[in-house]
1. Name the residue that is surrounded by the most Cβ atoms within 10 Å (Cβ to Cβ), counting only residues in the range 123-139 that are under 19 Å from residue 76 (Cα atoms) and at pLDDT 95 or above.
2. Determine, yes or no, whether residue 77 is at pLDDT below 95, closer than 28 Å to residue 132 by Cβ and in contact with a Gly (Cβ under 6 Å, 6 or more places away or on another chain).
3. Restricted to the range 35-65, and to residues that are of a type in the set (D, E, K, R) and surrounded by fewer than 17 Cβ atoms within 10 Å (Cβ to Cβ), which residue is nearest to the chain's Cα centre (by Cα)?
4. Mind telling me which of the residues 104, 95 ends up being assigned to a helix (DSSP H, G or I) and in contact (Cβ under 8 Å) with a residue 12 or more places away in the chain?
5. May I ask you to verify whether residue 145 is within 11 Å of residue 83 (Cα to Cα) and without any contact (Cβ under 8 Å) to a residue 60 or more places away in the chain?
6. If a residue must be buried (at least 16 other Cβ atoms within 10 Å of the Cβ) and either of a type in the set (Asp, Glu) or not assigned by TED's automatic domain parsing to the domain that holds residue 85 (or both), how many such residues does the range 140-160 contain?
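The values are calculated or read from the model by the stated rules, or taken from the named source; none is laboratory data. Given the structure is predicted, the values throughout are model-derived calculations rather than measurements. With ideal geometry, Cβ positions are generated from the backbone for all residues, glycine too; neighbour counts draw on all protein chains shown.
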Amino acid sequence: MRMSNQAPSDLSLIEPTLDAYADVPGSLIAILQATQDAYGYLPMDAMEHIAERTGTPIATIVGVATFYAQFRLEPVGKYLIMLCQGTACHVNGSELISAAITDELGIDDGQTTDDGLFSLKHVACLGCCSLSPVMMINGQTYSSLTPDKAKKVLRQLAAEAAEGGAA
């Protein structure tokens, strides 16, 4: 876990959640979900604060955070690309799409571009098998992808970001 270069988190962002759930047994996942919603990932100082407020050992909190794939321990880019690697997508060329993304952005699975704009995450399945190959970017699904179509989407998002557009 690389977290040493992170700026201190504004812990006030999670206080309402901790006020509501700190003494509720079995609420750790809900607390972690709200924390990730607040920061975009789970900063170590926030997890330490959760440990202090809930009386839960930090090892337990980090164990839960690393066990469930939904949690991220590092910040992600403005655009989180989730590229499906399920059977249908694999058979229909997800490896070519991954190569195109790597070619276009210079990142591999689990990495973020130096400018913080894009992060790539390979996922087991997005549940869009009939639309394969598929990638989802910030909740928007892009289907029946080709390498050129994937690059076009990325270029369009980069251009929108340069113009100050929203995700």
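1. By that ranking, first place goes to 135.
2. Details: at pLDDT below 95: yes; closer than 28 Å to residue 132 by Cβ: yes; in contact with a Gly (Cβ under 6 Å, 6 or more places away or on another chain): yes.
In short, yes.
3. Residues of the range 35-65 of a type in the set (D, E, K, R): 37, 45, 48, 52-53.
With the extra rule that they be surrounded by fewer than 17 Cβ atoms within 10 Å (Cβ to Cβ), the set shrinks to 37, 45, 48, 52.
On the way: 37: 11, 45: 19, 48: 21, 52: 26 Å.
Among those that are of a type in the set (D, E, K, R) and surrounded by fewer than 17 Cβ atoms within 10 Å (Cβ to Cβ), it is 37.
4. Numbers: 95 fails: in contact (Cβ under 8 Å) with a residue 12 or more places away in the chain.
After applying the criteria, what remains is 104.
5. Here the answer is yes, as residue 145 does meet what is asked.
6. The total comes to 0.
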